[in-house]
Amino acid sequence: MLLAGQAGAQVPYVALEQRLDPQALAEVGLTPAQLQTLNRLLRQAEAEAPAPAPLFPGLDDGPITAKVTGQVGGWAPGTVFTLDSGQQWQVLKGEMTLKTARSNPEIVVVPGIAGRWFLQVDEDLPKARVFRIR
């Protein structure tokens, strides 16, 4: 099974002389100059091709570490967290009331599979499923 990081890895171009056996290459009937031109054009086309879409969207994204602006006493669906970076994340699933409210806590927004994101206030507490609104 390929991992997301491996799926997007670029394989270097392999010249036609290395892909085909000499008999098959002779059947094509290209001159050395034509073969060189074709290899150059194929190499350029491969280099300019857009990168394939990730196999598991979101997993290629790294976690986002920031501070929440204001007090955090808990969350429920609909709660909006504004980060010091200006990003805003809204809770979609999950509910939690903290024993003690925290002022401007450092949080981590962690990517999950299929574009899902989870907000973590403390590694020992459950995460809230969130989505970015700004």
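See the values below:
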quantity	calculated
Mean projection area, nm², convex hull over Cα of segment 11-134	11.3
Among Asp124, Asp21, Asp84: highest mean-square fluctuation, GNM of the chain, C-alpha pairs under 10 Å	Asp21
Share of carbon and sulfur in the accessible heavy-atom surface of the chain [1.4 Å probe, %]	55
Dipole of the chain, positive end: most advanced residue of Pro32, Gln88, Ile64 [Cβ charges, Cα centre]	Gln88
At R0 = 25 Å, FRET efficiency that the Cβ-Cβ distance of Val14 and Asp61 yields, to 0.05	0.20
Counted charge near Phe81, where neighbours are those whose Cβ lies closer than 13 Å (Asp, Glu -1; Lys, Arg +1)	+4
Net charge of neighbours whose Cβ lies under 13 Å from the Cβ of Leu98, counting Lys and Arg as +1 and Asp and Glu as -1	-1
Gaussian network model of the chain, springs between alpha carbon atoms under 10 Å - residue of Gln88, Gln23, Gln120 with greatest fluctuation	Gln23
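The values are calculated or read from the model by the stated rules, or taken from the named source; none is laboratory data. Treat the numbers as computed from the prediction; the structure is a model and nothing was measured. No Cβ is skipped: glycine too gets one built from the backbone with ideal geometry, and neighbour counts run over all protein chains shown. SASA here: full protein model, heavy atoms, side chains in, ligands and nucleic acids out. Shrake-Rupley method; radii C 1.70, N 1.55, O 1.52, S 1.80 Å.
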